[in-house]
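To keep things clear, I will list the structure first and then write my remarks on it.
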Amino acid sequence: MISFRRRKRRRVPALNTTATADISFMLLVFFLVTTSIDSDKGLNRMLPAIPQEETQQTMDVSERNVLRISIDEQDKLVCDDEQVTPDELQERIIAFMDRAEVDKHVLSIQANRKTSYDAYFAMQNAIVAAYQRLRSDYAKQRYGLPLEQLSEEQRDSVIMHYPQRISESEPE
């Protein structure tokens, strides 16, 4: 009689995967820590509606009602031919608005293309802060309340009293 030997089935050894989760977690933490996420910078502006016809708006403004602001490629901020800081610019705008005809003033801005974003935003923030302060002071003087507590109609009248008239161009 022939005897058949039964072969023992060999089992494939299981892989030890306990370290896999630890390694994956450490890689995830490594990439989260070393990756930089840039935040977008921008200006919160409400642009006017596009006119139906291609017409250019022009307005006659006397020279005394124009405040010239420029910023060059070295981020040097100049207001009426004098170098200023953003805080000084804010004060200059407020002083200018006090002496200019309120409904006919213009802020003329010239920014070089090589100006850094930080310097440009600092200039724009100074302009916005000046208008905010002027409007807030006017609201307290006229209505006895801060600008934020006024009704929509009152707030619109304050904004119309100090409208933002900004002309922006590239330097020659």
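The values are calculated or read from the model by the stated rules, or taken from the named source; none is laboratory data. These numbers were taken from a predicted model, which means no experiment stands behind them. Cβ: placed from backbone, ideal geometry, glycine included. Neighbour counts: every protein chain shown. For accessibility, only protein heavy atoms count, side chains too; no ligands or nucleic acids. Shrake-Rupley method; radii C 1.70, N 1.55, O 1.52, S 1.80 Å.
General observations
- Taking the numbered list (1) within 21 Å of ILE127 (Cβ to Cβ); (2) modelled with pLDDT of 70 or more; (3) part of a loop (DSSP other than H, G, I, E, B) in turn, ASP40 passes all entries but (2).
- Residue check, TYR117 under 24 Å from LEU77 (Cα atoms) and crowded, with 18+ Cβ neighbours inside 10 Å: no
- Residues (exposed (fewer than 14 other Cβ atoms within 10 Å of the Cβ) and at pLDDT below 75) located in segment 64-105: GLU101, ASP103
- Enumeration of residues in segment 94-136 that are under 12 Å from ARG68 (Cα atoms) and either assigned to a strand (DSSP E or B) or touching a Lys or Arg at 6+ places or on another chain (Cβ under 9 Å) (or both): HIS105, VAL106, LEU107, SER108, ILE109, GLN110, ALA111
- Tally, over segment 60-80, of residues that are without any contact (Cβ under 8 Å) to a residue 12 or more places away in the chain and in contact with a strand residue (DSSP E or B) (Cβ under 8 Å, 6 or more places away or on another chain): 2
- Long-range neighbours under 7 Å by Cβ, at least six apart or interchain, first residue touching a residue at least 12 places away in the same chain (Cβ under 8 Å) and closer than 10 Å to GLN90 by Cα within segment 125-152, second open to solvent by less than 30 Å² (accessible area, probe 1.4 Å) and in a helix (DSSP H, G or I): ALA126/LEU89; ILE127/ILE93; ALA130/ILE93; ALA130/ILE94; ARG133/ILE94
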